[in-house]
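So the structure is just underneath, and the comments pick up after that.
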Amino acid sequence: MTQKSQADKQRLNTPLFFWITALLFTCLCWTPVWADSMDQQQLVEKAKHTIASFMEDPDLTWFQDHVKEAKALLIIPQQLKAAFFFGADGGSGVLVVNDDKTGEWGEPAFYVLGGLSFGFQFGGEASEVIILAMTQGAVEKLYSSSFKLGGDVSVAAGPYGGGVEGATSANLNADFLSFSRSKGAYAGISLEGSIIYADDDSNQAYYGKKVRPVDILVTKSVKNKHSAGLREAIMTATK
């Protein structure tokens, strides 16, 4: 094959990789604009079951001992990942923030976690993910419409077991600590570089009007009695 034909082939393949990557990301992270409150209620119920399952997992004893130290929890009942040399991951979840004055956990705000990765990777995975916001700076980032993990704020995989595995000082001092329970086989994707952004459509559907994350998490101007079960489960886990 001539040098010119090789270059032509490369130009043809590059857009293909771009569009496949974009399609993966869109399929995993897209939230329909017609989302109704039943979808959000189901997600809140799943988040309640996720926190309960984390508290019962014998491999997550460090999480169970230290979750009470978190200032906020981002609970993603199903984080989907797919890759064939390049990959995409995405999942919808709820963010609940602790009131440091009362010790109570507030109403949930809906967020999406998504990202792209490149490199030698192959496979697929579905995981339950909980991200602990350990610093006030991490919580304040979550009030914004979107931000990237690993930029202004640090993220690390939390320790497993009794805290020996992965419990380095760098990890434990991170702004965010992530924990997951996975089914499937996967290698190559990290939360470093992933984007967290507010799901305005889901927030509007759940609370019945347009609201920003600060309306839910800071000024607490909206409520939904359906969230009581989730907040009770988190209170039980963080006692």
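The values are calculated or read from the model by the stated rules, or taken from the named source; none is laboratory data. Just so you know, these numbers come straight off a predicted model, no measurement behind them. Note: ideal-geometry Cβ built from the backbone for every residue, glycine included; neighbour counts use all protein chains shown. Areas reflect the complete protein model, heavy atoms only, side chains present, ligands, DNA and RNA absent. Shrake-Rupley method; radii C 1.70, N 1.55, O 1.52, S 1.80 Å.
Among the listed residues LEU43, LEU24, which satisfies the condition of being surrounded by 12 or more Cβ atoms within 10 Å (Cβ to Cβ), at pLDDT below 50 and in a helix (DSSP H, G or I)?
Of LEU43, LEU24, the one residue that is surrounded by 12 or more Cβ atoms within 10 Å (Cβ to Cβ), at pLDDT below 50 and in a helix (DSSP H, G or I) is LEU24.
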- Counting only helices (runs of 4 or more DSSP H) wholly inside segment 133-224, the ones holding at least 1 residues that are at pLDDT 85 or above are 136-142, 200-207, 213-217
- Task: For LYS9, indicate whether it is among the basic types (Lys, Arg) and modelled with pLDDT under 90.
- Result: yes
- Note on the structure: Only unsatisfied item for SER92, checking (1) open to solvent by 10 Å² or more (accessible area, probe 1.4 Å); (2) more than 20 Å from SER194 (Cα to Cα); (3) at pLDDT 90 or above; (4) not aliphatic (A, V, I, L, M), is (2)
- Single residue of segment 215-235 satisfying the filter (over 24 Å from VAL67 (Cβ atoms) and of a type in the set (Val, Ile, Thr)) that is least open to solvent (accessible area, probe 1.4 Å): VAL222
- Note on the structure: Quick count over segment 125-138, residues being more than 12 Å from the chain's Cα centre (by Cα) and crowded, with 21+ Cβ neighbours inside 10 Å, is 2
- Item | Meets criteria (modelled with pLDDT of 50 or more, of a type in the set (Ser, Thr, Tyr) and in contact with a strand residue (DSSP E or B) (Cβ under 8 Å, 6 or more places away or on another chain)) for THR50 | yes
- Message: Going through GLY119, GLY114 one at a time, which residue ends up being closer than 23 Å to GLN41 by Cα, modelled with pLDDT under 85 and assigned to a strand (DSSP E or B)?
- Response: GLY114
- Message: Restricting to segment 208-219, name every residue that is touching a residue at least 24 places away in the same chain (Cβ under 8 Å) and over 26 Å from LEU149 (Cβ atoms).
- Response: GLY208
